[in-house]
Amino acid sequence: MNFGFSVEERNGVRVIRLWGELDLATADKLTEGLSNLDGSAVLDLSELTFIDSSGISALVHQYNRRGGLVLIGPRPNVARVLRIAGLEDWVRRLQPTGIPDEAPRPVAGKPAVSG
(Lines give C-alpha, C1' and ligand atoms only; values in the text may rest on other atoms or scores of the structure.)
Protein backbone atom coordinates (compact mmCIF):
# COMPACT_ATOMS: atom_id res chain seq x y z
CA MET A 1 0.00 0.00 0.00
CA ASN A 2 1.13 3.55 -0.62
CA PHE A 3 1.90 6.14 2.00
CA GLY A 4 1.01 9.81 1.97
CA PHE A 5 0.37 12.80 4.14
CA SER A 6 -1.24 16.22 4.01
CA VAL A 7 -0.76 19.31 6.15
CA GLU A 8 -3.66 21.53 7.15
CA GLU A 9 -4.64 24.03 9.81
CA ARG A 10 -7.59 23.19 12.08
CA ASN A 11 -8.63 25.95 14.48
CA GLY A 12 -5.11 27.37 14.46
CA VAL A 13 -3.41 23.99 15.02
CA ARG A 14 -1.18 22.40 12.38
CA VAL A 15 -2.52 18.90 11.68
CA ILE A 16 -0.53 16.42 9.61
CA ARG A 17 -2.78 13.62 8.36
CA LEU A 18 -1.02 10.34 7.52
CA TRP A 19 -2.46 7.49 5.48
CA GLY A 20 -1.32 4.10 4.25
CA GLU A 21 1.75 2.27 5.56
CA LEU A 22 4.57 4.02 7.40
CA ASP A 23 7.46 1.58 7.14
CA LEU A 24 11.02 1.12 5.89
CA ALA A 25 10.00 1.95 2.34
CA THR A 26 8.12 5.16 3.24
CA ALA A 27 9.55 6.61 6.48
CA ASP A 28 12.05 8.83 4.64
CA LYS A 29 9.17 10.35 2.67
CA LEU A 30 7.65 11.61 5.92
CA THR A 31 10.95 12.89 7.32
CA GLU A 32 11.91 14.66 4.09
CA GLY A 33 8.43 16.00 3.46
CA LEU A 34 8.17 17.62 6.88
CA SER A 35 11.74 18.93 7.02
CA ASN A 36 10.67 22.48 6.16
CA LEU A 37 7.85 22.64 8.74
CA ASP A 38 8.81 23.93 12.18
CA GLY A 39 6.84 24.20 15.39
CA SER A 40 4.38 21.97 17.14
CA ALA A 41 2.06 19.68 15.27
CA VAL A 42 -0.64 17.08 15.67
CA LEU A 43 -0.32 13.88 13.64
CA ASP A 44 -3.68 12.39 12.69
CA LEU A 45 -3.09 8.64 12.41
CA SER A 46 -6.71 7.64 11.78
CA GLU A 47 -5.96 6.50 8.21
CA LEU A 48 -2.54 4.97 8.94
CA THR A 49 -2.99 1.23 8.39
CA PHE A 50 0.48 -0.02 9.38
CA ILE A 51 3.61 1.16 11.18
CA ASP A 52 6.91 -0.64 11.81
CA SER A 53 10.12 0.30 13.63
CA SER A 54 11.18 2.60 10.77
CA GLY A 55 7.88 4.43 11.10
CA ILE A 56 8.36 4.70 14.85
CA SER A 57 11.84 6.10 14.22
CA ALA A 58 10.36 8.73 11.88
CA LEU A 59 7.85 9.75 14.59
CA VAL A 60 10.63 9.96 17.20
CA HIS A 61 12.66 12.11 14.79
CA GLN A 62 9.70 14.51 14.48
CA TYR A 63 9.25 14.51 18.27
CA ASN A 64 12.89 15.43 18.85
CA ARG A 65 12.93 18.01 16.07
CA ARG A 66 9.78 19.76 17.25
CA GLY A 67 10.25 19.39 21.01
CA GLY A 68 7.08 17.35 21.22
CA LEU A 69 4.41 15.67 19.18
CA VAL A 70 0.76 14.81 19.66
CA LEU A 71 -0.73 11.74 17.97
CA ILE A 72 -4.47 11.35 17.48
CA GLY A 73 -6.83 8.64 16.24
CA PRO A 74 -4.58 5.60 15.74
CA ARG A 75 -6.30 2.39 14.65
CA PRO A 76 -6.04 -0.49 17.15
CA ASN A 77 -3.13 -2.19 15.36
CA VAL A 78 -1.17 1.07 15.14
CA ALA A 79 -2.04 1.95 18.76
CA ARG A 80 -0.68 -1.44 19.83
CA VAL A 81 2.69 -0.77 18.13
CA LEU A 82 2.82 2.70 19.72
CA ARG A 83 2.13 1.14 23.12
CA ILE A 84 4.82 -1.53 22.64
CA ALA A 85 7.29 1.20 21.60
CA GLY A 86 6.46 3.20 24.73
CA LEU A 87 4.84 6.08 22.84
CA GLU A 88 1.32 5.73 24.24
CA ASP A 89 1.77 8.97 26.21
CA TRP A 90 1.93 10.84 22.90
CA VAL A 91 -1.64 9.79 21.99
CA ARG A 92 -4.42 12.24 22.92
CA ARG A 93 -8.19 11.99 22.88
CA LEU A 94 -10.11 14.00 20.32
CA GLN A 95 -12.60 16.77 20.93
CA PRO A 96 -15.64 16.83 18.59
CA THR A 97 -13.77 19.44 16.50
CA GLY A 98 -11.06 16.90 15.69
CA ILE A 99 -8.50 18.79 17.80
CA PRO A 100 -6.89 17.11 20.81
CA ASP A 101 -8.06 18.02 24.32
CA GLU A 102 -4.72 19.75 24.88
CA ALA A 103 -2.70 21.96 22.59
CA PRO A 104 0.37 20.28 21.07
CA ARG A 105 3.29 20.31 23.51
CA PRO A 106 5.99 17.98 24.74
CA VAL A 107 4.94 15.31 27.19
CA ALA A 108 6.25 16.40 30.60
CA GLY A 109 8.76 14.03 32.09
CA LYS A 110 8.99 11.92 28.94
CA PRO A 111 12.55 11.98 27.61
CA ALA A 112 13.09 12.20 23.90
CA VAL A 113 14.27 9.00 22.31
CA SER A 114 16.79 9.00 19.52
CA GLY A 115 16.08 6.72 16.64
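Any idea which residue in the stretch 58-86 is nearest to the chain's Cα centre (by Cα), counting only those that are hydrophobic (A, V, I, L, M, F, W, C) and part of a helix (DSSP H, G or I)?
Across the stretch 58-86, the extreme among qualifying residues is LEU59.
Could you list, in sequence order, all residues of the stretch 69-86 that are within 15 Å of GLY20 (Cβ to Cβ) and not hydrophobic (A, V, I, L, M, F, W, C)?
Those that are within 15 Å of GLY20 (Cβ to Cβ) and not hydrophobic (A, V, I, L, M, F, W, C): GLY73, PRO74, ARG75, ASN77.
So which residues in the stretch 42-57 are surrounded by fewer than 22 Cβ atoms within 10 Å (Cβ to Cβ) and either of a type outside the set (Gly, Ala, Ser) or not in a strand (DSSP E or B) (or both)?
Across the stretch 42-57, the qualifying residues are GLU47, THR49, PHE50, ASP52, SER53, SER54, ILE56, SER57.
Taking the conditions exactly as written (more than 17 Å from ASN2 (Cβ to Cβ), without any contact (Cβ under 8 Å) to a residue 60 or more places away in the chain, out of contact with any Phe, Trp or Tyr (no Cβ under 8 Å at 6 or more places or on another chain) and surrounded by 18 or more Cβ atoms within 10 Å (Cβ to Cβ)), does VAL60 satisfy them or not?
When the stated conditions are applied, VAL60 passes them.
What number of residues in the stretch 57-81 are more than 15 Å from ALA27 (Cβ to Cβ) and either basic (Lys, Arg) or modelled with pLDDT of 85 or more (or both)?
11
The values are calculated or read from the model by the stated rules, or taken from the named source; none is laboratory data. On a predicted model such as this, the values are computed, not experimentally measured, just so you know. Glycine also receives a Cβ, built like all others from the backbone with ideal geometry; neighbour counts cover every protein chain displayed.
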